[in-house]
Structures are given as structure tokens and as C-alpha cells.
Amino acid sequence: MSQTDAKFRTILIAGYPNNSWNALIRNLALEGHLVLTARDGEEAIQIAKTHSRPIHLLIVGQTNPALFTELRPYQPGIRILVLASPETALARVRELLQPPQPSAACA
């Protein structure tokens, strides 16, 4: 899948030092997404600053308002998903990566 494809998304997963997230990372990559990983919030901010393309979704294991505030200037359109475990993550990630649907009032 090319990076210009409208379905291509970049996802940053931060703070997962264990292997339990490998299945989610693998599935997202198989769907054509670029998956970036960071050991912690500090590394996530460095990636957000230096990545040349938009990052569409940040997945973290715990709420971290300071991280979210620091990321926004570098990746203003980023969505944030806080997950406690990867088991139910794939369906939620797919949902968040869909383009917004026009409301019925606008139709």
C-alpha cells in the first residue's frame, strides 16, 4: 500500500515495553499502516517532532495529559486512544482511523 493511499495511516504506540502488543502491531502493519513504537512518553514526543508525515493515532496504556499537550503542536490532528490491554484494541483502532462521517443534519 502506498503512503499516498487515503487508507494509509501512521500510528504511534507509546509505553509498551512488553511483547503483549506485538499482535496488535503486526495486525496494523498487515493492514498497511505504518506503526511507530516508543518506549515512553519522552521518546513519543521525539518521534512526533521528527516524523516527516502526520501521525494519525497515538495509542497509550494510561492517561497522560502532559504528553498529550506536548504532542499537539507537532501533530495537531492526532487522535489519542488510551488502552489497558491489546486484546480488544484492533476493532477500536479501526473505528478511530475511519474518516469522519457527515451528520444526518448536513445531508
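Figures for the structure shown
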{"item": "Close pairs from the range 60-73: first hydrophobic (A, V, I, L, M, F, W, C), partner modelled with pLDDT under 85, Cβ under 8 Å, at least 6 apart", "result": "60/15; 60/83"}
{"item": "Cβ pairs under 9 Å, 6+ apart, first in the range 12-40 and of a type in the set (D, E, K, R), second assigned to a strand (DSSP E or B) and at pLDDT 85 or above", "result": "26/35; 39/14; 40/14"}
{"item": "Tally, over the range 49-87, of residues that are surrounded by 12 or more Cβ atoms within 10 Å (Cβ to Cβ) and within 23 Å of residue 23 (Cα to Cα)", "result": "14"}
{"item": "Candidate set: the range 19-48, residues that are more than 13 Å from the chain's Cα centre (by Cα) and of a type in the set (S, T, N, Q); chosen: the one surrounded by the most Cβ atoms within 10 Å (Cβ to Cβ)", "result": "27"}
{"item": "Checklist (1) at positive phi; (2) part of a helix (DSSP H, G or I) applied to residue 32, failing item", "result": "(2)"}
{"item": "Filter result for residue 105 (in a helix (DSSP H, G or I), of a type in the set (Gly, Ala, Ser), at pLDDT 85 or above and more than 11 Å from the chain's Cα centre (by Cα))", "result": "no"}
{"item": "Flag for residue 37 being closer than 17 Å to residue 10 by Cβ and outside any loop (DSSP other than H, G, I, E, B)", "result": "yes"}
{"item": "Where a residue in the range 90-102 is surrounded by 10 or more Cβ atoms within 10 Å (Cβ to Cβ) and its partner, wherever it lies, is at pLDDT below 75, with Cβ under 9 Å and at least six apart", "result": "97/7"}
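The values are calculated or read from the model by the stated rules, or taken from the named source; none is laboratory data. As the structure is a prediction and not an experimental result, all values here were calculated from the model. Reconstructed Cβ throughout: ideal geometry from the backbone, glycine too, with neighbour counts over all protein chains shown.
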